[in-house]
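Let me begin by presenting the structure, written as structure tokens, before commenting on it.
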């Protein structure tokens, strides 16, 4: 009888899917005191988590644990080496949120290009003025550079193409002929591509090779007046360098669904800039996205204990 501990609130259909499986004992999320949580961890063989950090301290309290599933695709809050040492399998829900995040990335491109936030604020102040020289621009005809061409990046490419944009792709793990075969332009030389793109959109994981990659040099190589969109991970971006590039007028704006430190407990300097749009890591959290992720997390858990977990959902340590 697998004992599954759901650490954070997920869509009730995900809980129902687990509870409908014969022989499963499911502990629903409640306000856990440390003592209550510790008692549940001692019995847990599987964990589903959205935001709770899975670290060595937690793992020490879970001697029977065999499986952890992230409700989502990011696993920055999971100590993967610690799980690997214990032989605990880590899974994600790779397809469940891709469409939602891709749409959010396009929404940020549109909002920045058309200055939606600024116009809305103007009208609310009673300032109904149509400027003689517009600072807005169409997406059609713009060049967008996508850094990462996985489940989300490839969807963003199709959406951008539908808007008539020129789509360049930089992803060292995807063959150029795969990109070109799908109708997009491979951009193996990142520096050259940065100088071409009107919009740069990030869709890569945060790891030792990408963390802090959007630094002063990266931003200086971007086309003057370009936009930066990040729906991936906040740790990809040097926020001080981004602020400097925006204040200097080198970049026209930035749309961020993620920041370096989450949750944001105090205002970061970027929030003082009208050219920046920040959303609280909600790109995946549409009604449909949350529903899909909960069902996928439940199914991954069931499949693991049945010995049929899709290898594509497993994170390799």
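Can you confirm whether residue 258 is over 14 Å from residue 101 (Cα atoms), at pLDDT 95 or above and touching a helix residue (DSSP H, G or I) at 6+ places or on another chain (Cβ under 7 Å)? Spell out how you get there, then give the answer.
On the way: over 14 Å from residue 101 (Cα atoms): no; at pLDDT 95 or above: yes; touching a helix residue (DSSP H, G or I) at 6+ places or on another chain (Cβ under 7 Å): yes.
Considered against the rule, which asks whether it is over 14 Å from residue 101 (Cα atoms), at pLDDT 95 or above and touching a helix residue (DSSP H, G or I) at 6+ places or on another chain (Cβ under 7 Å), residue 258 comes out as no.
Taking residue 5, is it more than 21 Å from the chain's Cα centre (by Cα) and part of a strand (DSSP E or B)? Even if it seems obvious, please write down each step before you answer.
Numbers: more than 21 Å from the chain's Cα centre (by Cα): yes; part of a strand (DSSP E or B): yes.
Judged against the criteria, residue 5 is a match.
Identify, by number, the condition in (1) within 22 Å of the chain's Cα centre (by Cα); (2) without any contact (Cβ under 8 Å) to a residue 24 or more places away in the chain; (3) loosely packed, with under 15 Cβ neighbours inside 10 Å that residue 306 doesn't meet.
(1)
For (1) crowded, with 20+ Cβ neighbours inside 10 Å; (2) in contact (Cβ under 8 Å) with a residue 40 or more places away in the chain; (3) in a loop (DSSP other than H, G, I, E, B); (4) not assigned by TED's automatic domain parsing to the domain that holds residue 210, each residue gets a yes or a no:
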| position | (1), (2), (3), (4) |
| --- | --- |
| 68 | yes, no, no, yes |
| 72 | yes, yes, yes, yes |
| 82 | no, no, no, yes |
| 90 | yes, yes, no, yes |
| 104 | yes, yes, no, no |
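Looking at residue 157 and the list (1) within 18 Å of the chain's Cα centre (by Cα); (2) surrounded by fewer than 19 Cβ atoms within 10 Å (Cβ to Cβ), which single condition is not satisfied?
Residue 157 satisfies every listed condition except (2).
Need the failing condition index for residue 132 against (1) modelled with pLDDT of 95 or more; (2) outside the structural domain of residue 310 (by TED's automatic domain parsing); (3) over 24 Å from residue 276 (Cβ atoms), just the number.
The number of the failed condition is (1).
Do the conditions hold for residue 232, that is, is it closer than 20 Å to residue 112 by Cβ and either part of a helix (DSSP H, G or I) or out of contact with any helix residue (DSSP H, G or I) (no Cβ under 6 Å at 6 or more places or on another chain) (or both)? Reasoning before the result, please.
Values: closer than 20 Å to residue 112 by Cβ: yes; either part of a helix (DSSP H, G or I) or out of contact with any helix residue (DSSP H, G or I) (no Cβ under 6 Å at 6 or more places or on another chain) (or both): yes.
Yes; evaluated as a whole, the condition is true for this residue.
Taking the range 16-37, which residues are surrounded by 14 or more Cβ atoms within 10 Å (Cβ to Cβ) and within 26 Å of residue 57 (Cβ to Cβ)?
18, 25, 26, 27, 29, 32, 37 - these are the residues of the range 16-37 that are surrounded by 14 or more Cβ atoms within 10 Å (Cβ to Cβ) and within 26 Å of residue 57 (Cβ to Cβ).
Could you grab the pairs with beta carbons closer than 9 Å, sequence gap of 6+ or different chains, first residue in the range 121-138 and under 23 Å from residue 198 (Cβ atoms), second one surrounded by fewer than 12 Cβ atoms within 10 Å (Cβ to Cβ) and modelled with pLDDT of 85 or more?
138/164
One line per residue, one yes/no per condition, for (1) closer than 26 Å to residue 312 by Cα; (2) without any contact (Cβ under 8 Å) to a residue 40 or more places away in the chain:
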| residue | (1), (2) |
| --- | --- |
| 230 | yes, yes |
| 255 | no, no |
| 263 | no, yes |
| 267 | no, yes |
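The values are calculated or read from the model by the stated rules, or taken from the named source; none is laboratory data. Fair warning: this is a prediction, and the values are worked out from it, not measured in the lab. Don't worry about glycine lacking a Cβ; one is built from the backbone with ideal geometry, like all the others, and counts go over all protein chains shown.
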